[in-house]
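Input: a single structure, listed below in structure tokens.
Derivation of every value follows stated rules applied to the coordinates shown; laboratory data play no part. Note that this is a predicted model, so its numbers are computed, not measured. Cβ coordinates were reconstructed from backbone atoms using ideal geometry, including for glycine residues, and neighbour counts include every protein chain displayed.
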Amino acid sequence: MRYILTALLIGLSASVFGRTDFVPYSEYSVRGNAGFMKTFVSGLPGDYSFAGTTFGGRFVYFGEKYCAAMIEVNYSNFTGTQTEVDGMSFSFVETPLMTRIRIPMKRTAVSINLGSYIQFPLSYSSEIVMERSALFGLAGGLEFSFPVGKKLDLGIEGRYNYNLHSNSTTIDDLWSSWTQFGIVLSYRSK
């Protein structure tokens, strides 16, 4: 009986560790989004709406069949959309580091992207509360992708971003959050 169990264990191990049906691969992407943000302005009560665009690049490494590590570098520019903040603007670079869970459905896929980011303000109107040189936050979203070529995918993406601490160094509850909706064009290395 002991020999049978040992042979079964060796056979099972060989089948699990000897699998060659999955080969790790990478994706290289460009992305563009429209974004809608709520942020704070000095001297005005409450938060105000801003709209803008985000453009960037993405690298994804699939070391497992359905799970990957993803890093992006994005540039965003937002301008005020309400009368009180008309003409105000700000821009920043953000670098999300996320986990990507890909759920294939025939030729298409739905991906869940979860992780964190660091944001570096570049320029902003003096009225906008942006007293920190770097902001940390959490991000999460969904992406629906489908093939448009042998190694190319086109994705439709939505994401929510939330700063984990105040934009101000003196006022404790001035957080920003924003949503993004856009497209992603990806090249697969496999």
message: When you check S145 against the structure, is it closer than 16 Å to E27 by Cα, surrounded by 15 or more Cβ atoms within 10 Å (Cβ to Cβ), in contact with an Asp or Glu (Cβ under 9 Å, 6 or more places away or on another chain) and among the polar types (S, T, N, Q), yes or no?
response: yes
- prompt: Just checking, how many residues over the stretch 37-68 are closer than 14 Å to E157 by Cα and either of a type in the set (F, W, Y) or in contact (Cβ under 8 Å) with a residue 40 or more places away in the chain (or both)?
  reply: 3
message: For the structure I just gave you, tell me whether S189 is touching a residue at least 60 places away in the same chain (Cβ under 8 Å) and among the hydroxyl-bearing types (S, T, Y).
response: yes
